[in-house]
Amino acid sequence: MEARGFYHEGMLALQEQADGRRLADFLATNARHSEFSERDAAQITAASFFFIASSHGDHPDCSFKGGDPGFVRIVGPNTLEFPDYDGNLMYRTLGNIAMNPRVGLLFMTFDSKSYRIRINGDASIHRDAESLARHHGAKAVIRVVCRDIYPNCPRYVPDLAPTARSAYVPRPGETPPTPEWKTLPEVVPHLPQSDARCATPSSRDCIGQHDA
């Protein structure tokens with residue numbers, strides 16, 4: 001792929017100052033690609049989380065998205081999708097996508113050896129029955145058509161021991177516990193009716209998680 005269009009003026013200026021233009025052009029041309037490799041697909045579909053950046057005007061946002069491995073699906077040579085689960089109804093990510101489809105995704109494994117996958121693409125929101133049926137418990141499905149897919153080495157990534165899966169991820173045959181923050185007296189009056197009548201405290205406070 002050509003490096004043209006991958007870097008803006010600010011990036012190019014700093015590359016020139018650091019004598020990094022040759023390396024930057026080499027990486028943009030040789031490491032960046034527009035369709036998933038087998039290695040990309042394997043790491044993405046095995047992921048239990050990733051990070052997504054979105055923006056609109058003066059409203060940049062970075063969010064964590066998590067689920068059971070397989071919650072991110074590859075649905076085309078350069079297209080992936082993931083579910084939007086129940087959250088705090090702020091719609092910071094989805095709201096940005098509704099105004100500006102450009103997003104950045106970061107997939108990584110905290111094992112100090114797996115490379116990171118960075119993705120730039122265009123996102124869209126889907127609530128049709130077919131899309132929702134592919135993701136148990138989804139309120140919406142976000143589909144990303146990827147323009148730039150490129151690896152980063154795992155340098156500086158810590159090796160963290162795996163932890164237990166989240167009890168809050170929707171799973172067939174299971175009812176996720178209600179997050180404790182939805183049971184707080186100062187919050188309950190502001191919940192949608194579907195939440196206000198079933199507020200049962202759990203052992204974890206996850207306010208801010210899956211904020212859409």
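Details
- Condition check for Y115 on (1) surrounded by fewer than 16 Cβ atoms within 10 Å (Cβ to Cβ); (2) of a type outside the set (K, R); (3) at pLDDT below 95: one failure, at (1).
- Pairs, first assigned to a loop (DSSP other than H, G, I, E, B) in the stretch 44-60, second at pLDDT 95 or above and exposed (fewer than 15 other Cβ atoms within 10 Å of the Cβ), C-beta under 7 Å, six or more apart: A47/P69; S48/D68; S48/P69; H56/M99
- Those residues of the stretch 1-40 which are in contact with a Leu (Cβ under 9 Å, 6 or more places away or on another chain) and either free of Cβ contacts under 8 Å to residues at least 40 places away in the same chain or exposed (fewer than 15 other Cβ atoms within 10 Å of the Cβ) (or both), in sequence order: A3, Q15, G20, R21, A24
- Filter result for the condition that a residue is modelled with pLDDT of 95 or more and under 17 Å from N152 (Cβ atoms), over A13, A47: A47
- Odd one out for A98, checked against (1) surrounded by fewer than 18 Cβ atoms within 10 Å (Cβ to Cβ); (2) closer than 14 Å to D122 by Cα; (3) of a type outside the set (S, T, N, Q); (4) in contact with an Asp or Glu (Cβ under 8 Å, 6 or more places away or on another chain): (4)
- Close pairs (8 angstrom Cβ cut-off, 6 or more residues apart or separate chains): within 15 Å of A138 (Cβ to Cβ) in the stretch 164-183, surrounded by 17 or more Cβ atoms within 10 Å (Cβ to Cβ) and of a type in the set (V, I, T) anywhere: P176/V169
- Pick from the stretch 75-93, criterion of a type in the set (A, V, I, L, M, F, W, C) and not in a loop (DSSP other than H, G, I, E, B), ranking: surrounded by the fewest Cβ atoms within 10 Å (Cβ to Cβ): V75
- For the stretch 54-74, the set of residues classified as more than 25 Å from P162 (Cβ to Cβ) and either surrounded by 13 or more Cβ atoms within 10 Å (Cβ to Cβ) or of a type in the set (D, E, K, R) (or both) consists of S54, S55, H56, D58, D61, listed by residue number.
The values are calculated or read from the model by the stated rules, or taken from the named source; none is laboratory data. Please read these numbers as outputs of a predicted model, since none were measured by experiment. All Cβ positions, even for glycine, are placed from backbone atoms using ideal geometry, and neighbour counts span all protein chains on display.
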